[in-house]
Amino acid sequence: MRDALGAVQSVLVLGGTSEIGLAIAERLAGRRAATVVLAGRDPESLRASAEELRAAGAGRVEVIDFDAQDPARHRDTLTEAARVAGGDLDVVVVAFGLLGDQTVDESGGDGAVRVATTNYVGAVSAGLAAADHLRRQGHGAIVALSSVAGERVRRANFIYGSSKAGMDGFFQGLGDSLVGSGVSVLIVRPGFVRTRMTEGMSAAPFATTAAAVAEATVRGLRAGREVVWVPGLLRVVFAVFRHLPRPVWRRIPS
Amino acid sequence: MPEPRTLTGWGRTSPTAARVADAPATGDAAAAVEAFVAAAGERGVLARGLGRSYGDAAQNSGGDVLDMTTLDRIVDIDLQRHEAVVEAGVDLDRIMRAVVPLGLWPMVTPGTRYVTVGGAIGSDVHGKNHHRDGTFGAHVRSIEMVTPALGRLVLTPESHPDEFWATTGGMGLTGIVHRATIELMPIETSAIRVDGWRTDDLDQTMSLMAERDHEYRYSVAWIDCLARGASLGRSIVEFGEHARRDELPPGKRSASRALRFNPRDHMPAPPWVPSGLLNRFTVAAFNELWYRKARRRREGHLVAAPAYFHPLDMVDGWNRIYGARGFLQYQFVLPDGEEAVLRRIIEELVEQRAASFLAVLKRFGPSNPGPLSFPSPGWTLALDLPVSFGSLADLLDRTDEQVVEAGGRIYLAKDSRLRPDLLEAMYPQLGRWREVRDRMDPQHVMSSDLMRRLPALSGPLAGAGASTPRRRGTP
């Protein structure tokens, strides 16, 4: 149960090895030693993530199996998460996602489909499962890690960008459908975040960190916001970008 | 089955959804309540009155809530025994309108008349006469309720002391009260004779109250929370007595004039009030004016009871002035001898500019046998804090610690953010309360968001990393 000043008792991270997901869990769980459930595919990395969280002040940290590409099992994942958490789930962070390799994926192979099914289909399925679970609780928040890449899709990363555009739109609608249910949806739209996922890439302008994204997310949750941009300035930048003519937009370099 | 809708407490923080049903206004109330409790789902049931508790005590997310305000009959008023039999959804406003013309007054009234009798019992509310008369529960002669495990019960402090006192202050978690008999006091007029003092600092405020309290039935201090430095704790201290008939001006002494009680409330607080309206500067200006306006000492002026007891009731929905994010109230009690801690806490809140309107300071008398009843002998301070204040969470967590270390506690009816691991230390009889509750409701059918947020209300905490409670029988 979340308290009046935003302290939570439990957090579920879907994509439990995501650096941003972990940073959010750490910030949410640290103050009152909340229970964290990390859900993901690789038990080895999940256990390492759990260690990090414990060291950072989380209370109990549990690890469960979850695969974004196996939608049939998503509802069970939520039930299992609540069981190991020992009660209600206060915050569910939808943190999983694949960046892919645009150049390779464009030219064949199953890379593009994996990005699309993970980032969009997986998010739709897990989002609905989370919404259903929280609705029955009568309270809770879903944090959806979107990206500015989905705000206007670019030539340079349109496979990833379009998957985020779809998932962002899905969570906007899901949030609207949950008004009055006690459940809220917070969409987080970071710019370029320096993490393992972007290692080796040259940072885009307005690059940020997982810690900054987590901080903005926690503040957004407390304030009851529906969307946060990280850094906040990107909201203004994209208000302009959205209206650039296509011939100009397609020349924006990666 | 009604559709879920969102509920909040008076502070308007933490909305959660529940299925809300009306208690049937006609027919056998006890049977209807019994059926409601029997039909409880996995997330349990809870009774709700007028939603005046500040936090989440009257919310039951994902479960069922019984709106008791439809059970609003005054069943009987006994002029000889000075008591009223009422349904649990009746509020003190209705009771006062009915009994004041008869020369009677509820033994205890909190700062608002808009609390139901059921809610007043569940929170074991107190008023400005606690130092003399104790809590609301201390003047409840009998409770009729439905419990999940023991069915219908009629409780008196003599017949069922354990169940009676677990229910009084039990935050609605022992069952659903549907009727009660409450004691009334005889009054000659509906006016209060007030002796008011303006004090310069906290020492003066506290010594005045400690010395003069026993001379008066009612006593309270309004602290100007924006006064700092040497003026820290400057207050208006108000002592009051029910005025006698012969103290009224001649010409206003007829029975009907003397016992007139017709407060006209409902000046609405506009819904568009911006949350910035109550900022440090407007509050400071208001407090300065209000403090200057008071005379150093003013004895024997007559005030209508509603203006004395329930000044905020005059503004309908005054909780909206704090804006959309809501606010919380922090109320704690510290034992006598811990005045230094009280001073330190006030200093910190003032230094951090937590910008409360005014804080209310009062001395409590002896506590009652209720294990979860809040009042205990010493000083209680209550202050409103708007939620937008940035570092409030950490500040109050630290304050909790100081309160515990000094042997004090916070008031559950006001709470919306207590550190869960401190509840048991604040209420040393919590284990005793759980034992009695587990006899009345072993499955924890009665449940609330307060109980989910403070798992020690369900069972003993298992070390660090408290988990949310689950009803027994669910996986």
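The values are calculated or read from the model by the stated rules, or taken from the named source; none is laboratory data. These numbers come from a predicted model, not from an experiment. Cβ: placed from backbone, ideal geometry, glycine included. Neighbour counts: every protein chain shown.
The table that follows gives values for the structure above.
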| item | result |
| --- | --- |
| Residue within the stretch A:1-24 that is among the hydroxyl-bearing types (Ser, Thr, Tyr), away from chain B (no Cβ under 14 Å) and either buried (at least 24 other Cβ atoms within 10 Å of the Cβ) or within 13 Å of the chain's Cα centre (by Cα) (or both) present | yes |
| Residue in the stretch B:391-408 that is within 11 Å of another protein chain (Cβ to nearest Cβ), among the basic types (Lys, Arg) and over 20 Å from B:Val125 (Cα atoms) present | no |
| Residue that is surrounded by the most Cβ atoms within 10 Å (Cβ to Cβ), among those in the stretch B:53-77 that are more than 14 Å from chain A (Cβ to nearest Cβ) and polar (S, T, N, Q) | B:Thr69 |
| Residue within the stretch A:111-126 that is closer than 11 Å to A:Val183 by Cα and surrounded by fewer than 21 Cβ atoms within 10 Å (Cβ to Cβ) present | no |
| Within the stretch A:55-74, considering residues that are small (Gly, Ala, Ser) and not in a helix (DSSP H, G or I), the one nearest to the chain's Cα centre (by Cα) | A:Ala68 |
| Boolean, A:Thr77 is over 15 Å from the mean Cα position of the chain (by Cα), farther than 27 Å from A:Val121 by Cα and either surrounded by fewer than 24 Cβ atoms within 10 Å (Cβ to Cβ) or not small (Gly, Ala, Ser) (or both) | no |
| Flag if A:Arg75 is out of contact with any Lys or Arg (no Cβ under 9 Å at 6 or more places or on another chain) and modelled with pLDDT of 95 or more | yes |
| Check on A:Val104, of a type in the set (Val, Ile, Thr) and surrounded by fewer than 24 Cβ atoms within 10 Å (Cβ to Cβ) | yes |
| Set B:Pro442, B:Pro377: member being touching a Phe, Trp or Tyr at 6+ places or on another chain (Cβ under 7 Å), surrounded by fewer than 23 Cβ atoms within 10 Å (Cβ to Cβ) and not polar (S, T, N, Q) | B:Pro377 |
| Some residue of the stretch B:240-260 being at pLDDT 95 or above, under 21 Å from B:Lys293 (Cβ atoms), not small (Gly, Ala, Ser) and not in a helix (DSSP H, G or I) | no |
| Counted residues, the stretch B:390-447 - those being aromatic (Phe, Trp, Tyr) and either in the same structural domain as B:Gly151 (by TED's automatic domain parsing) or farther than 23 Å from B:Leu7 by Cα (or both) | 2 |
| In the stretch B:20-47, residue surrounded by the fewest Cβ atoms within 10 Å (Cβ to Cβ) [restricted to those that are within 14 Å of chain A (Cβ to nearest Cβ) and within 25 Å of the chain's Cα centre (by Cα)] | B:Val20 |
| Lone qualifier among A:Ala68, A:Ala144, A:Ala130, A:Ala50 - being farther than 27 Å from A:Asp176 by Cβ, buried (at least 20 other Cβ atoms within 10 Å of the Cβ) and among the aliphatic types (A, V, I, L, M) | A:Ala50 |
| Subset of the stretch A:34-54 (residues that are within 14 Å of chain B (Cβ to nearest Cβ), closer than 17 Å to A:Ala23 by Cβ and not in a loop (DSSP other than H, G, I, E, B)) | A:Val36, A:Val37, A:Ala50, A:Leu53, A:Arg54 |
| Failed condition for B:Pro469, given (1) at pLDDT 95 or above; (2) in contact with a Pro (Cβ under 6 Å, 6 or more places away or on another chain); (3) within 21 Å of B:Ile176 (Cβ to Cβ); (4) not polar (S, T, N, Q) | (1) |
| Of all residues making up the stretch A:75-89, the number that are touching a residue at least 24 places away in the same chain (Cβ under 8 Å) and either among the charged types (D, E, K, R) or over 16 Å from A:Gly16 (Cα atoms) (or both) | 5 |
| Options B:Gly62, B:Gly51, B:Gly89, B:Gly41; residue that is under 30 Å from B:Leu381 (Cβ atoms) and either assigned to a loop (DSSP other than H, G, I, E, B) or of a type in the set (Gly, Ala, Ser) (or both) | B:Gly51 |
| Scope the stretch B:203-220; condition farther than 18 Å from B:Val108 by Cα and surrounded by 17 or more Cβ atoms within 10 Å (Cβ to Cβ); matching residues | B:Thr205, B:Met206, B:Leu208, B:Met209 |
| Every residue from the stretch A:197-228 that is out of contact with any strand residue (DSSP E or B) (no Cβ under 7 Å at 6 or more places or on another chain) and in a helix (DSSP H, G or I) | A:Met197, A:Thr198, A:Ala211, A:Ala214, A:Glu215, A:Val218, A:Arg219, A:Arg222, A:Ala223 |
| So B:Pro442, is it more than 27 Å from A:Gly59 (Cα to Cα), in a loop (DSSP other than H, G, I, E, B) and modelled with pLDDT of 95 or more | yes |
| A:Gly87 vs. criteria within 14 Å of another protein chain (Cβ to nearest Cβ) and either touching a strand residue (DSSP E or B) at 6+ places or on another chain (Cβ under 9 Å) or in a helix (DSSP H, G or I) (or both) | yes |
| Single match in B:Ala29, B:Ala25, B:Ala35, B:Ala40 (criterion: over 26 Å from A:Val183 (Cα atoms) and touching an Asp or Glu at 6+ places or on another chain (Cβ under 7 Å)) | B:Ala29 |
| Matching option when the condition is touching a helix residue (DSSP H, G or I) at 6+ places or on another chain (Cβ under 6 Å) and at positive phi, among B:Gly49, B:Gly62 | B:Gly62 |
| Residues of the stretch A:107-147 satisfying the condition of being in a helix (DSSP H, G or I) and within 14 Å of chain B (Cβ to nearest Cβ) | A:Ala131, A:Asp132, A:His133, A:Leu134, A:Arg135, A:Arg136, A:Gln137 |
| The stretch B:154-179, subset touching a residue at least 24 places away in the same chain (Cβ under 8 Å) and assigned to a strand (DSSP E or B), residue farthest from B:Gly49 (Cα to Cα) | B:Arg179 |
| Selection count, the stretch A:188-221, where residues are surrounded by fewer than 18 Cβ atoms within 10 Å (Cβ to Cβ) and within 14 Å of another protein chain (Cβ to nearest Cβ) | 2 |
